[in-house]
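The values are calculated or read from the model by the stated rules, or taken from the named source; none is laboratory data. Quick caveat, the model's predicted, so the values are computed rather than measured. Note that we place each Cβ from the backbone using ideal geometry, even for glycine, and neighbour counts take in every protein chain shown.
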Amino acid sequence: MQIRVLPIHVSSGEVIDRLQKSGVDLPELRILRIDLAWEMFYGRARVRQEGRLFLHLPQGKPRDTSRQFLRWIKATLSQLTDGVARSLKQAQEPVLVLLPDCTAEVKELVLRQLSFFSEDVLEAKEWDGQTDPFLTEAVDAWMPPVIKAADNTDLLRHQSEQTDRETVHWYVTALGIENVYVQKYTLHPGAVYSRMHSHSDVDELYLVLAGHCTVRIGTRDQIVCQGDLVSKPKGTGLSTQIFNHTEEPVTIMDFEIWERIDDTDLAIYSDHGEVLLRGQGFRHYVPLDAIEPADDLRAHYDTGYRRQRDGSYVPQEMRGVPPRK
């Protein structure tokens, strides 16, 4: 299946109108309108360059909007492609992608996602506003699904952050795998990465790419070196923290593996005495020592009361159950 990327300088709706007036027969269901999707997920995230407005990806750590945008591309193209036909190298109807003026990192983001679905991704060079876009001259725009550890692409440079203790690159928008959250960080001497923490519903792996460091694992310290892989299965209560005890930088690739993108997770920060509830609809924390065993709740499940912040309760009149005594 060919995916033809058509750079446009006007709205996608105006381009489609021009095509229809010129008699070009392209089903709208096989046209991806990036400008509409971008505004739906990112709002009016644009910057002015060369006197025009360009789609712009927010700097730094990718937010949930990036995952949602990637999910839209994946869901849309999945409906337009046939995986079996692709494996059998059978012909499929082409897809047209209308790509507005955009910054280099946005273009890389879109091309990477398109390239997962076809090895035949072409970008039109010139378009007169009337000719069938699939008949115009085009160049190869396919991007291999490979990111080398030392890569520093437009997208990775944009989705990074540097502080006096670390440099972090986030890979989530480049990989096309929405439930795996990957980040590479380089710790300066004496720095730690993240808090001491465990996860209830997220598996985590650390791969040492360069240097060596100390991993706090529960009550123990473990020295790890280049090539070592640290495993932290979810739901075990195993807490970890990376500490660079050396005088040289250390580089770690961190993989968070979620069951689903919309899962929830309890991250327990044992040093800080906090529990973070995170996931869709949750951005809250509670003090760790405020959490009580569920025995009292179970014993009085069918009674009416209101729990107080200090753990005590106040009897309440509730429909269908007696007040707790």
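Before we move on, is Ile16 aliphatic (A, V, I, L, M), surrounded by 12 or more Cβ atoms within 10 Å (Cβ to Cβ) and within 17 Å of Ser115 (Cα to Cα)? Criteria not met by Ile16.
Of everything in the stretch 40-83 that is surrounded by 18 or more Cβ atoms within 10 Å (Cβ to Cβ) and touching a Pro at 6+ places or on another chain (Cβ under 8 Å), the residue that is nearest to Glu108 (Cα to Cα) is Leu55. Scanning the stretch 251-294 for residues being out of contact with any strand residue (DSSP E or B) (no Cβ under 9 Å at 6 or more places or on another chain), closer than 18 Å to Glu204 by Cβ and not hydrophobic (A, V, I, L, M, F, W, C) gives a total of 1. Taken over the stretch 228-254, the criterion of being crowded, with 18+ Cβ neighbours inside 10 Å, of a type in the set (Ser, Thr, Tyr) and in a loop (DSSP other than H, G, I, E, B) is satisfied by Ser239 alone. Residue check: is Thr103 β-branched (Val, Ile, Thr), out of contact with any Ser or Thr (no Cβ under 8 Å at 6 or more places or on another chain), under 16 Å from Leu155 (Cα atoms) and surrounded by 14 or more Cβ atoms within 10 Å (Cβ to Cβ)? For Thr103, the condition - β-branched (Val, Ile, Thr), out of contact with any Ser or Thr (no Cβ under 8 Å at 6 or more places or on another chain), under 16 Å from Leu155 (Cα atoms) and surrounded by 14 or more Cβ atoms within 10 Å (Cβ to Cβ) - is met.
Summed over the stretch 167-182, the residues that are farther than 22 Å from Ser78 by Cβ and crowded, with 20+ Cβ neighbours inside 10 Å give a count of 2. Within the stretch 125-165, being aliphatic (A, V, I, L, M) and modelled with pLDDT under 95 holds for Leu135, Val146, Ile147, Ala149, Ala150, Leu155, Leu156. All conditions but one from (1) assigned by TED's automatic domain parsing to the domain that holds Tyr171; (2) over 30 Å from Gly176 (Cβ atoms); (3) among the charged types (D, E, K, R) apply to Glu256; the one that does not is (2). Could you say whether any residue in the stretch 24-38 is modelled with pLDDT under 90 and either buried (at least 17 other Cβ atoms within 10 Å of the Cβ) or of a type in the set (Ser, Thr, Tyr) (or both)? The answer is yes, given that some residue of the stretch 24-38 is modelled with pLDDT under 90 and either buried (at least 17 other Cβ atoms within 10 Å of the Cβ) or of a type in the set (Ser, Thr, Tyr) (or both). Exactly one residue among Thr236, Thr246 is at pLDDT 95 or above, assigned by TED's automatic domain parsing to the domain that holds Asn179, polar (S, T, N, Q) and more than 30 Å from Ala150 (Cβ to Cβ), and that residue is Thr236.
Checked against the criterion of being without any contact (Cβ under 8 Å) to a residue 40 or more places away in the chain and under 18 Å from the mean Cα position of the chain (by Cα), the candidates His169, His212 yield just one match: His169. The set of residues from the stretch 278-309 being of a type in the set (Ser, Thr, Tyr) and part of a strand (DSSP E or B) comprises Tyr285, Tyr305.
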